[in-house]
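First up is the structure itself, then whatever we jot down about it.
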2 protein chains.
Amino acid sequence: MSNPVLVEVTRGRLVESRHRGIVAVVDGSGKLVRAIGDVDAAVFPRSACKAMQALPLVESGTADAFGFGDRELALACASHSGEPEHIAVAAGMLAAAGKDVSSLECGSHWSFDQSVLIGQARTIDRPTALHNNCSGKHAGFVCTACHTGTDPRGYVGYDHPVQAEIRGVMENLTGSLLAHDNCGTDGCSIPSYAVPLRNLAHGFARMATGEGLAPLRANASRRLLEACMAEPFYVAGSHRACTRLMQTAPGRIFAKTGAEGVFCAAIPEKGIAIALKCEDGTTRAAEAMIAAVLAGFFAAEPDLHQALMAQANRPLRNWNGIHVGDIRVTEALA
Amino acid sequence: MSNPVLVEVTRGRLVESRHRGIVAVVDGSGKLVRAIGDVDAAVFPRSACKAMQALPLVESGTADAFGFGDRELALACASHSGEPEHIAVAAGMLAAAGKDVSSLECGSHWSFDQSVLIGQARTIDRPTALHNNCSGKHAGFVCTACHTGTDPRGYVGYDHPVQAEIRGVMENLTGSLLAHDNCGTDGCSIPSYAVPLRNLAHGFARMATGEGLAPLRANASRRLLEACMAEPFYVAGSHRACTRLMQTAPGRIFAKTGAEGVFCAAIPEKGIAIALKCEDGTTRAAEAMIAAVLAGFFAAEPDLHQALMAQANRPLRNWNGIHVGDIRVTEALA
């Protein structure tokens, strides 16, 4: 059975392109609150699970020992755009551990954001690992290794203590076994583990509610999600969906995207979390889907509902600014 | 009924994302040689039909009057990357008509190609309409208007003689009625008309074979396709799929992409043309699909078949150059 079309892209009076997807909304107990498509399908969370991967940074006492505040914790959970402020915080995290960019094993790339890339092209010869969208997460790994007395070298490896610890944390949160057979290598070279979409949502619901978690983990989870909601610019960047979604309902919505059309979110006050994947891996569609699913939980607050739906359904303009079509969610999501 | 999955993106041992699509292969008589999915679905050809839109430039005698050779004709059919050579030829076309960049109505944008964009950012303040990927096509429109004694101003409009002429040409080629109800506005502001995919393929088969076309149109069609095959860099640019496909079999394959996952191609010696669309509008998938469909026609030439399949199935590497997965076509296309 096919997953349903959740997002349409129109031109003139016709639908030009269609995006299918799966959506799981789960509460802290693991109960499916809403399900669209095959929510038992295994999905690589990619960068959407960075907040889970940042738990050892807090639980180990590293964040406190190094004096990290909301910005550093948000950046550890981030896929940032490589804006100067992001680079500065990542460099500061490494400096706190007596390290520098040479400790990062994530590789380097130019910003994915066109306006940031243009600025980079005009000011630097080439990007470094600090410009990698994952540099905050990797700085957190290096810091955690240093603080816990582990050699950080090789920290991206499956068998390195940093990744072994993360694997245990994510098994606990998602209730899924993580091992070589569901493991792939992420863009930044660390392991990424495919888990059923509903389990991924349950993991974030546990983080948002603390339900079923040991107090240390529940506290660290709350601290990380609150840091992201307090400093949404450091989770993504200017004009980015994660940042905008969290700015739309300050302190009430956590949202994090991942490559290949994944999006996760949590609404702590509602006790739920969302995980979704656009079947074809397209970001524009995942962004529309998450905004619409989030909006569904705020029907009683018309302004907030409308602000979220304006991120789900939006006009497409051409190079002359002419309105040529729309991205819009389908009935299945409305 | 859903269109089948034609391209998979893998990570580790798992499929991470899936792309569905429709494919029509048609001969000069209109006979369906191969069909996958709903080939009667209406599809906006977008830039894939630029060679059709360039016919008036040749048929009107404009190209000859202005001394245009293969490079100018290829650029009139192009979605170029905005490399310096592309800009120079577009500017030369306008100069031949006594015009300049101020005559272009396509709007402006930075190059879609990262390495070209970096070069642009370091050498210009902002892009002009000459940098627009459609500037060659638009220069052709301006030249055609000037040569035929029509005021070029407003040439992007539905009712301007240039667009009316193109509409008639495309109705003749595709055998489809084109009017307001199947018309959308393209990225560069000219009309784009949605036609059944099989009709789009038939239009290119007519261009490739001359079958059913008046001699003037048959000759102009052959001249345009031959110009693109002779100067494939001017149809797209460095490292681009259209350019690479045509370079793989010089003078034997014509190929042209369009936005939202469209790809058209023709193999004149086989008397067929191909039109396809990735349902979700993704370029990476459309590129894999067209390479695989083309390869199917060269099974008797193992080197060429393999060179095309290497463009259909390719490894994905991360920022550290590690092989993390693949883009590959499914059984439905193999």
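Express the relative contact order of the stretch A:109-196 as a whole percentage, based on alpha carbon pairs under 8 Å and six or more residues apart in sequence.
RCO, the stretch A:109-196: 17 percent.
Rank these for me by crowding, A:GLU279, B:GLU269, going from fewest to most other beta carbons within 10 Å.
Arranged by neighbour count, lowest to highest, A:GLU279, B:GLU269 become B:GLU269, A:GLU279.
Using the crude model of +1 on Lys and Arg Cβ and -1 on Asp and Glu Cβ, and no other charge, please compute the dipole size for chain A relative to its Cα centre, in debye to 20.
Charge dipole of chain A: 580 debye, to the nearest 20.
Tell me the relative contact order for chain A as a rounded percent, counting alpha carbon contacts under 8 Å between residues six or more apart. Numbers along the way, then the final one.
On the way: 720 pairs, mean separation 78.8, N = 334.
Relative contact order comes out at 24 percent.
Between beta-carbons, use under 9 Å as the cut-off and find the net charge around A:ALA236, counting Lys and Arg +1, Asp and Glu -1.
That works out to +3.
For B:HIS323, B:HIS147, which order do you get if you count the other beta carbons within 10 Å of each Cβ and list the fewest first?
Details: B:HIS323 10, B:HIS147 19.
Lowest count first: B:HIS323, B:HIS147.
For the stretch B:123-229, state which chymotrypsin sites (Phe, Trp or Tyr not before Pro) are in a DSSP loop and have at most 14 other beta carbons lying within 10 Å of their beta carbon.
B:TYR158
I want to check the label-to-label distance for B:TYR158 and B:ILE322. Put each point 7 Å from Cα in the C-beta direction and report it in nm to one decimal.
5.4
If you take the square roots of the eigenvalues of the alpha-carbon gyration tensor of the stretch B:171-305 and sort them as a ≥ b ≥ c, do you get rounded (a/c under 1.5), prolate (a/b over b/c) or oblate?
On the way: a/c = 1.61, a/b = 1.21, b/c = 1.33.
Since a/c reaches 1.5 but b/c is at least a/b, the shape of the stretch B:171-305 is classed as oblate.
Report, in debye and to the nearest 20, how large the dipole of the protein assembly as shown comes out about its Cα centre when Lys and Arg carry +1 and Asp and Glu carry -1 on their Cβ.
So the dipole magnitude of the protein assembly as shown works out to roughly 240 debye.
Give the average, rounded to an integer, of partner chain Cβ atoms located within 10 angstrom of each Cβ in A:33-39.
Working: counts 0, 0, 0, 0, 0, 0, 0.
Mean inter-chain Cβ contacts per residue within 10 Å come to 0.
In the stretch A:83-200, how does Rg compare with the Kirkwood Rh, expressed as the Rg/Rh ratio over alpha carbon atoms?
For the stretch A:83-200, the value is 1.02.
Across every pair of different alpha-carbon atoms, what Kirkwood hydrodynamic radius in Å does the stretch B:220-287 reach? Present the calculation step by step, with values, prior to reporting the outcome.
On the way: mean 1/r = 0.0827 Å⁻¹.
Kirkwood hydrodynamic radius for the stretch B:220-287: 12.1 Å.
Between B:SER2 and A:ALA95, how high is the FRET efficiency from 1/(1 + (r/R0)^6) when r is the Cβ-Cβ distance and R₀ = 45 Å? Nearest 0.05.
According to the calculation, E is roughly 0.25.
Averaged over peptide A:308-319, how many Cβ atoms belonging to another chain are found within 10 Å of each residue's Cβ?
2
Among residues other than B:PRO84 whose Cβ falls under 14 Å from its Cβ, what is the net charge (Lys/Arg +1, Asp/Glu -1)? Intermediate values should be presented prior to the final figure.
Details: positive: B:ARG71, B:ARG122; negative: B:GLU83, B:GLU85, B:ASP113.
Local net charge: -1.
Separation between the B:ALA218 and A:ALA299 pseudo-spin-labels, each 7 Å from Cα along Cα→Cβ, expressed in nm?
Computed distance between label sites B:ALA218 and A:ALA299 equals 6.4 nm.
At 222 nm, what helix-only mean residue ellipticity would chain B give, in deg cm²/dmol to the nearest 500, using -39500 (n - 2.57) for each DSSP H run of four or more? Kindly include the intermediate steps, with their values, before the conclusion.
On the way: 13 runs with 131 residues, N = 334.
Counting only the DSSP helices, I get -11500 deg cm²/dmol.
State the number of lysine pairs found in the protein assembly as shown whose Cα atoms come within less than 15 Å, restricting to pairs 8 or more positions apart or on distinct chains.
12
Could you give the Stokes-Einstein D for the stretch A:278-334 in µm² per second, using the C-alpha Kirkwood radius, 25 °C, 0.890 mPa s?
Value of D from the Cα-based Kirkwood radius: 204 µm²/s.
Stokes-Einstein diffusion coefficient for the stretch A:137-220 at 10 °C in a medium of 1.306 mPa s, Rh from the Kirkwood formula over Cα pairs: what value in µm²/s?
The calculation lands on 116 µm²/s.
Answer rounded, prolate or oblate for the protein assembly as shown, using the Cα gyration tensor with square roots of eigenvalues a ≥ b ≥ c: rounded when a/c is under 1.5, else prolate when a/b is larger than b/c, else oblate. Don't jump to the answer; show the numbers that get you there.
Working: a/c = 2.02, a/b = 1.87, b/c = 1.08.
Prolate is the answer for the protein assembly as shown, as a/c is 1.5 or above and a/b outweighs b/c.
Give me the mean projected area, in nm² to one decimal, of the convex hull enclosing the Cα positions of chain B.
So the mean shadow area of the Cα hull is 16.9 nm².
Using a 10 Å cut-off around each Cβ of peptide A:12-24, what is the average number of partner chain Cβ atoms that fall inside?
5
Compute all pairwise cysteine Cβ distances in chain A, then list the cysteines with no distance under 4.7 Å to another cysteine.
Among the cysteines of chain A, those whose Cβ sits 4.7 Å or more from every other are A:CYS49, A:CYS77, A:CYS143, A:CYS146, A:CYS183, A:CYS228, A:CYS242, A:CYS264, A:CYS278.
Fewest first, what order do A:CYS143, B:CYS146 take by the number of other Cβ atoms within 10 Å?
By the 10 Å Cβ count, ascending, the order reads B:CYS146, A:CYS143.
Please report Rg (one decimal) and Dmax (integer) in Å for the Cα set of the stretch B:1-113.
Cα-based Rg and Dmax for the stretch B:1-113 come out at 19.8, 59 Å.
Which distance in Å, rounded to a whole number, links the C-alpha centroids of the stretch A:198-255 and the stretch A:102-147?
Rounded to whole Å, the Cα centres lie 22 Å apart.
Every number here is computed from the coordinates shown, using simple stated rules; none is lab data. A quick note: this is a predicted structure, and the numbers were derived from the prediction, not measured. All Cβ positions, even for glycine, are placed from backbone atoms using ideal geometry, and neighbour counts span all protein chains on display.
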